[in-house]
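The values are calculated or read from the model by the stated rules, or taken from the named source; none is laboratory data. The model shown is predicted, which means the values in this text are computed figures rather than measured ones. Cβ atoms come from the backbone with ideal geometry, glycine included; neighbour counts cover every protein chain shown.
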Amino acid sequence: MAKALPPPARGARRTVIAASVEPAVQTDVHTDAQTQQWGSHNPPSTDAITQLLLAVLTKAKQQITTSTGLDGPALDVALRFQTLSAQLATLADPVGVRNLP
Amino acid sequence: MFRHFATLVSPDTLFRAHPAELAWLLEEAWRQRFDDPAKALGDPDRRSPLSALPPPSSEGAPLPTALADILTTVTATDPTEVPRPFRWDHLIYAYMIENTRLYEVFRRVVHEFVHGEKLGVPDADSQAWLRNTEELFFKDGAPFFATSLAGHIRSDLRANRRNPYQRMFGMELNHGMDDGKPQPYVRAESANAEFVPTFEEFLREVWVGMTYVGATASSNPTDPAKIVTLVSKLKNMLLSRRQDGNLAREEFSAVTAMSWFHLTLEYKNDGASSPIINSLRAQANGTEQRLFKVAERVGLPAHGLSKHYFDMADAISRILTQIESNDYDTTDKVRALFTPDTTLQATPEAAMRTIITHWTAITGRDVKARKVAPN
């Protein structure tokens, strides 16, 4: 049978769990400057900003280079390797180095 | 070389040819080797300054049409036949193949067939194979040919290959003589003793590159500059042994011999087999399994890890050839060693993966493991 946690030592300071307090409802308050920037009508809603941020992040992710193909000098060297493999071609390996099974 | 010839003509044509024709074929391949005068002697495109035996007549070498066709080619734009340039494998290919012990195993095969009928009576094709094998690889060879190395100065054919292995790679073969005693041979003072640790460090760094090549959400410890340095060290030590084209004949002779036995076992994987394999009733699926069966017939065990040696030999030969060509001299270029590319049929990355896997298996040293830094 699993043992229960030992009781706190006598005199130990008990942790008082603070009563949870509901955060005050955040009202959509705009400063005068923001109102001036967005115009007096139709300030962007939270949903619109979220959508905008998502679009920006998606675009940024697409632009991160995750390509694993070869280009430039590395591609030139790989092509030379392919030529070398063809020059040393064998029956079991007619084009180049066999890939791992 | 013979495995390359077998892509141009049926292996059976090679096995049935006269040994003098095969010797001439090799001599012509030596004559038609890549020889770019702009490159330094010893470079993969200019291996040797030594000339081939002059052809016996203006007609060229005495070769039947089937074999003579190997020596010519046509370009995509011009149908006129021109001499085909030849390149042979790196010496490391011979080292890897010989480590399977196939030379010793086939020595026993020839020995048994020429001395009795313990293994049965060879059929006509097997007799041709046995004659070719004995003439080309268990005799001193005709004088003046590029592949004829044995003589009064260096009389043992096996020792003649161990010497360049030790000089180029600082490595010994993993087996001695048939009775278990070490094979005596002359060890050179100038040898690349640092080859193995440098090569393993190179493999380790390339593996790090492979592991992190697609990483976007972590730090990338790949160190292309270190790979360039290690490649440069390997290139310098290998080319130092090849100074002015040195060791080219020894390499040509070794890779030629090993490719003959390799082809014998490799041919074919589609159910049929080479004549001597049929005569020995050693049919099996896979090159190494056929070797094991032949070894069993003659009572001399082959190396248990032969598959790894066979599978790695081509890849390591090509990578070392490229290293000697100074192809990986910048950080941009070494990316090709660890970056996959699905558009190419053969890539350095696939070759490196093959080498790393099989090198780990045969040495027992895991090059994929991280190095532990001392405190």
Yes or no: B:G151 in a loop (DSSP other than H, G, I, E, B), within 24 Å of B:R241 (Cβ to Cβ), free of Cβ contacts under 8 Å to residues at least 24 places away in the same chain and more than 22 Å from the chain's Cα centre (by Cα)? yes
Is segment B:362-373 home to any residue that is away from every other protein chain (no Cβ under 14 Å) and within 20 Å of B:E104 (Cα to Cα)? yes
Hey, could you check segment A:64-80 for residues that are more than 7 Å from chain B (Cβ to nearest Cβ) and modelled with pLDDT under 55 and say which is farthest from B:I319 (Cα to Cα)? A:T65
Meets criteria (surrounded by 12 or more Cβ atoms within 10 Å (Cβ to Cβ), assigned to a loop (DSSP other than H, G, I, E, B) and not small (G, A, S)) for B:N174: yes
Residue under question is B:E172, and the condition is that it be within 18 Å of B:L320 (Cβ to Cβ), more than 14 Å from chain A (Cβ to nearest Cβ) and either without any contact (Cβ under 8 Å) to a residue 40 or more places away in the chain or not acidic (D, E) (or both); does it hold? no
All conditions in (1) within 22 Å of the chain's Cα centre (by Cα); (2) touching a residue at least 60 places away in the same chain (Cβ under 8 Å); (3) under 22 Å from A:T90 (Cβ atoms) are true of B:D69 except (1)
Given (1) at the interface with another protein chain (Cβ under 10 Å from one of its Cβ atoms); (2) surrounded by fewer than 16 Cβ atoms within 10 Å (Cβ to Cβ); (3) basic (K, R), identify the lone condition not met by B:R281. (1)
From B:S218, B:S240, B:S232, B:S274, which residue is of a type outside the set (F, W, Y), surrounded by fewer than 18 Cβ atoms within 10 Å (Cβ to Cβ) and within 14 Å of chain A (Cβ to nearest Cβ)? B:S218
Could you grab me the full set of residues in segment B:72-100 that are crowded, with 21+ Cβ neighbours inside 10 Å and either in a helix (DSSP H, G or I) or away from chain A (no Cβ under 14 Å) (or both)? B:L91, B:I92, B:Y93, B:A94, B:Y95, B:M96, B:I97, B:E98, B:N99, B:T100
Consider B:D327 carefully, then state whether it is in a loop (DSSP other than H, G, I, E, B), under 18 Å from B:K226 (Cβ atoms) and at the interface with another protein chain (Cβ under 7 Å from one of its Cβ atoms). yes
Are any residues in segment B:209-260 of a type in the set (G, A, S) and at pLDDT below 90, and if so, which ones? B:G214, B:A215, B:A217, B:S218, B:S219
I want to confirm something. Restricting to segment B:101-141 and keeping residues that are within 30 Å of B:E324 (Cα to Cα) and hydrophobic (A, V, I, L, M, F, W, C), which single residue is surrounded by the most Cβ atoms within 10 Å (Cβ to Cβ)? B:L102
From the list B:A302, B:A295, exactly one residue is more than 10 Å from chain A (Cβ to nearest Cβ), of a type in the set (A, V, I, L, M, F, W, C) and assigned to a loop (DSSP other than H, G, I, E, B). Which is it? B:A302
